[in-house]
Amino acid sequence: RREGRILGRSLENGQESSLSPASWGQCSWPACSPAGKTILFVVRDGEKDAIMAMAAGDREPKRLVEGELPSAPRWDPSGKRIAYQRGPHLWIMDADGSNQWQLTTAGGIQRCPAWSPDGSAIAYCQGLSTRGPWQLCATKADATKTTFIGEPSARRVLGPDWGTYQGEGKPVRWPAKPAGVRSEPCVRAWDTGR
């Protein structure tokens, strides 16, 4: 992303190409699919946001969903599903924009989804309001079990990221032996389940 536009850059020759037309509003949060064949990004046009997907070789991006989209969309590890924030909640949809359903239903705001490496769970940040306080949470990707990690205390939104759990050489399983979730800026490991 540069100056509100999404660009692609060749690693071979350094040439850049614009993926978002100059006439569009501000674009942000590019995310490549796991196979590297499709890129997601959010475009803000006036007061409306849209998640766009553009496959390699396409001339025009496809509009997947519109609404208030205040955090980055994320691909699942298989590239078949996308987690995203719409309004105060997290949602999941298929990669083509179909089968949209609301994942979180708690009060407050849920932001910044991060898929577990096996795609079975999503870590996220939850706040009582846009001013926080914030805490890390994780839920199974089918919304059947949610784990709240610690007490709400962070003053700004945390960006969860799944790490690896190195506890006693035992396999990592949901919910018995959780994986660590690292968060910026405190860089602490949290047990969240996987």
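By how many nm would the segment from Leu128 to Phe148 grow when fully extended, if each residue of separation counts as 0.36 nm and the alpha-carbon distance is taken off?
5.9 nm
Could you tell me which of rounded, prolate or oblate describes region 9-103, using a ≥ b ≥ c as the square roots of the eigenvalues of the alpha-carbon gyration tensor, with rounded for a/c under 1.5 and, failing that, prolate when a/b is larger than b/c and oblate otherwise?
In terms of gyration-tensor shape, oblate.
Could you list which residues have their amide H under 5 Å from that of His89, counting only those 5 or more apart in sequence or on another chain, with H placed in the peptide plane?
Here the answer is Gln110, since their amide H atoms fall under 5 Å of that of His89.
What accessible area per residue, rounded to a whole number of Å², is obtained for region 1-145 using a probe radius of 1.4 Å?
Spelled out: the 1.4 Å probe surface of region 1-145, per residue, equals 51 Å².
Could you give me the percent of Cα pairs per 10 Å distance bin for region 1-50, shortest bin first, beginning at zero and ending with the bin that holds the maximum distance?
Result, from short to long distances: 25, 52, 21, 3 percent.
Please give the length that would be gained between Asp58 and Gln15 if that part of the chain were fully extended, namely 0.36 nm times their separation in residues minus their C-alpha to C-alpha distance (nm, one decimal).
Computed gain between Asp58 and Gln15 is 13.7 nm.
How much length would be gained if the chain were fully extended between Lys80 and Arg2, taking 0.36 nm per residue of separation minus their Cα-Cα distance, in nm to one decimal?
Stretched fully, the Lys80-Arg2 segment lengthens by 25.3 nm.
Where Rh is the Kirkwood radius over the Cα pairs of region 34-75, the temperature 4 °C and the viscosity 1.567 mPa s, what D in µm²/s does Stokes-Einstein return?
119
Arrange the peptides 139-146, 65-72, 3-10 so that the one whose residues have, on average, the most other Cβ atoms within 10 Å appears first.
The densest-packed peptide leads the list: 65-72, 139-146, 3-10.
How much of the accessible area of region 22-142, probe 1.4 Å, is carbon plus sulfur, in whole percent?
Solvent-exposed carbon and sulfur of region 22-142 make up 48 percent of the total.
Between region 3-45 and region 74-104, how far is it from one alpha carbon centroid to the other, in angstrom?
20
Starting from the Cα gyration tensor of region 82-136, take the square roots of the eigenvalues, sort them a ≥ b ≥ c, and report rounded, prolate or oblate (rounded when a/c is under 1.5, otherwise prolate if a/b is larger than b/c, else oblate).
Cα axes put region 82-136 in the oblate bin.
The values are calculated or read from the model by the stated rules, or taken from the named source; none is laboratory data. These figures come from a predicted structure and were not determined experimentally. Every residue, glycine as well, gets a Cβ built from its backbone with ideal geometry; the counts of neighbours run over all protein chains shown. Each accessible area value is taken on the protein alone, full model and side chains, heavy atoms only, with ligands, DNA and RNA left out. Shrake-Rupley method; radii C 1.70, N 1.55, O 1.52, S 1.80 Å.
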